């Protein structure tokens, strides 16, 4: 396979360009016809390099999970490009996607709902080995499962237990081990710690960081908790109503947020110091997120933006450079 390169000369594991996922709205009983569309993802672009983590943040309903599913071709995009190691996945048939499934994995949000309750932990983790023809014979696969359990911090003697016998954190470790079984280079982490206790969240995040360093994994880390994203991400993209509002390095975004939506999200992140918490400005957004069926004209954020003007309703802002690899989609900043 050929390897794509970014404009700065670095290799690119994943390249997404103008990704769109629109779900049709059909009416009629005998004769069905499309009367509209839910624009879940509407023109998203980004790159992820080897060993890099891109954090994708935003409110519920902003299109984060749909973006992850479309990248993996679990949901076929309406338009746009998804290139993995130079291969255009949107042109690959479902049957021919099989070789890519082992290289592109996903860790789900619900550590219980994503595991088959009728399969033991050993079978759950070993299933990708069987499906993709990895790991050799039965004994070799069993040794591989034991090794994977050890790598995620669990006792191999637990491979005979079933999901209901584990805690939430242990179930998520099993999900991580299953994702690693296919020897992937890219993993979509779909809010992998949001259903866990805070103390367990830190353990899982540290585990993901350690595994990334060991196997040079690339992550798309989807979350709504900005403090979690800051801990694990190299770069962060802020998403609102199917579009990316701002993207920058993790340090740059947290120290110098430019887009009004990013600033509002940052102001909602708790600060451990009570004195600083009382002093800082809190930005409260008015109203709710508009419907993706009928998004606002111009800038989709303008109906809730504290600095919006009439001009914002006329012009669709494009992501433009403000500094080194810091891009903002706003005509007012």
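The values are calculated or read from the model by the stated rules, or taken from the named source; none is laboratory data. Please read all numbers here as calculations on a predicted model, not as lab measurements. Cβ: placed from backbone, ideal geometry, glycine included. Neighbour counts: every protein chain shown.
Among the residues of region 65-73, is any over 24 Å from residue 11 (Cα atoms) and more than 16 Å from the chain's Cα centre (by Cα)?
If we filter region 65-73 for residues that are over 24 Å from residue 11 (Cα atoms), which is where we start, we get 65-66.
With the extra rule that they be more than 16 Å from the chain's Cα centre (by Cα), the set shrinks to none.
No.
Select from region 42-70 the residues that are touching a helix residue (DSSP H, G or I) at 6+ places or on another chain (Cβ under 8 Å) and crowded, with 20+ Cβ neighbours inside 10 Å and write down the one among them that is nearest to residue 230 (Cα to Cα).
By that ranking, first place goes to 55.
Cβ-Cβ under 7 Å, sequence separation 6+ or interchain: first residue in region 131-150 and at positive phi, partner surrounded by 13 or more Cβ atoms within 10 Å (Cβ to Cβ) and at pLDDT 85 or above. Which pairs?
135/129; 135/141; 135/144
Tell me the residue from 187, 176, 200, 222 that is at pLDDT 95 or above and either in a helix (DSSP H, G or I) or surrounded by fewer than 17 Cβ atoms within 10 Å (Cβ to Cβ) (or both), please.
Numbers: 187 fails: either in a helix (DSSP H, G or I) or surrounded by fewer than 17 Cβ atoms within 10 Å (Cβ to Cβ) (or both); 200 fails: at pLDDT 95 or above; 222 fails: either in a helix (DSSP H, G or I) or surrounded by fewer than 17 Cβ atoms within 10 Å (Cβ to Cβ) (or both).
Going through 187, 176, 200, 222 in turn, the sole match is 176.
For residue 173, state whether it is in contact (Cβ under 8 Å) with a residue 40 or more places away in the chain, within 26 Å of the chain's Cα centre (by Cα) and under 29 Å from residue 85 (Cα atoms).
On the way: in contact (Cβ under 8 Å) with a residue 40 or more places away in the chain: no; within 26 Å of the chain's Cα centre (by Cα): yes; under 29 Å from residue 85 (Cα atoms): yes.
Against the criterion (in contact (Cβ under 8 Å) with a residue 40 or more places away in the chain, within 26 Å of the chain's Cα centre (by Cα) and under 29 Å from residue 85 (Cα atoms)), residue 173 does not qualify.
With respect to the numbered conditions (1) within 16 Å of the chain's Cα centre (by Cα); (2) over 30 Å from residue 305 (Cα atoms); (3) in contact (Cβ under 8 Å) with a residue 60 or more places away in the chain; (4) surrounded by fewer than 23 Cβ atoms within 10 Å (Cβ to Cβ), which one is the sole condition not fulfilled by residue 232?
Only one criterion is unmet by residue 232, namely (2).
Scan (1) assigned to a loop (DSSP other than H, G, I, E, B); (2) out of contact with any strand residue (DSSP E or B) (no Cβ under 9 Å at 6 or more places or on another chain); (3) within 24 Å of residue 209 (Cα to Cα) for the single condition residue 109 breaks and write down its number.
(2)
What are the pairs, 6+ residues apart or on separate chains, where a residue within region 271-293 that is on the phi > 0 side of the Ramachandran plot and loosely packed, with under 11 Cβ neighbours inside 10 Å has its Cβ under 8 Å from a residue that is at pLDDT 65 or above and part of a loop (DSSP other than H, G, I, E, B)?
287/303; 287/304
Restricting region 307-324 to residues that are surrounded by fewer than 13 Cβ atoms within 10 Å (Cβ to Cβ) and at pLDDT below 90, which is nearest to residue 257 (Cα to Cα)?
That would be 323.
Tell me yes or no: at least one residue of region 59-79 is over 24 Å from residue 23 (Cβ atoms) and at pLDDT below 95.
no
Quick one: which strands (runs of 3 or more DSSP E) lie wholly within region 6-64 and hold at least 2 residues that are free of Cβ contacts under 8 Å to residues at least 40 places away in the same chain?
Details: elements: 14-27, 33-48, 53-57.
The qualifying strands (runs of 3 or more DSSP E) are 14-27, 33-48.
Within region 113-149, track down each residue that is within 27 Å of the chain's Cα centre (by Cα), buried (at least 16 other Cβ atoms within 10 Å of the Cβ) and in a loop (DSSP other than H, G, I, E, B).
114, 115, 132, 134 - these are the residues of region 113-149 that are within 27 Å of the chain's Cα centre (by Cα), buried (at least 16 other Cβ atoms within 10 Å of the Cβ) and in a loop (DSSP other than H, G, I, E, B).
Give region 299-323 a look and list any residue that's in contact with a helix residue (DSSP H, G or I) (Cβ under 8 Å, 6 or more places away or on another chain), in a loop (DSSP other than H, G, I, E, B) and either more than 18 Å from residue 289 (Cα to Cα) or free of Cβ contacts under 8 Å to residues at least 12 places away in the same chain (or both), or say none.
If the condition is that a residue be in contact with a helix residue (DSSP H, G or I) (Cβ under 8 Å, 6 or more places away or on another chain), in a loop (DSSP other than H, G, I, E, B) and either more than 18 Å from residue 289 (Cα to Cα) or free of Cβ contacts under 8 Å to residues at least 12 places away in the same chain (or both), then 302 is the only one that fits.
So, in region 71-86, of the ones that are assigned to a loop (DSSP other than H, G, I, E, B) and on the phi < 0 side of the Ramachandran plot, which residue ends up surrounded by the fewest Cβ atoms within 10 Å (Cβ to Cβ)? Step through it out loud before you land on a result.
Step one: list which residues in region 71-86 are assigned to a loop (DSSP other than H, G, I, E, B), which gives 72-78, 85-86.
Narrowing further to those that are on the phi < 0 side of the Ramachandran plot: 72, 74-78.
Values: 72: 20, 74: 13, 75: 17, 76: 11, 77: 23, 78: 18.
Going through the qualifying residues, I end up with 76.
Among all residue pairs at least 6 apart or on different chains, which show Cβ distances below 7 Å where the first residue, located in region 187-204, is touching a residue at least 40 places away in the same chain (Cβ under 8 Å) and on the phi > 0 side of the Ramachandran plot and the second is outside any loop (DSSP other than H, G, I, E, B) and crowded, with 22+ Cβ neighbours inside 10 Å?
Hits for this filter: 191/222; 191/223.
Six or more apart or on different chains, Cβ atoms under 6 Å: show the pairs whose first residue is in region 252-263 and farther than 19 Å from residue 286 by Cα and whose second is part of a helix (DSSP H, G or I).
254/230; 257/263; 257/266
Against the definition (over 24 Å from residue 99 (Cα atoms) and in contact with a strand residue (DSSP E or B) (Cβ under 9 Å, 6 or more places away or on another chain)), how does residue 184 come out, yes or no?
Numbers: over 24 Å from residue 99 (Cα atoms): no; in contact with a strand residue (DSSP E or B) (Cβ under 9 Å, 6 or more places away or on another chain): yes.
Taking the combined requirement at face value, the residue does not satisfy it.
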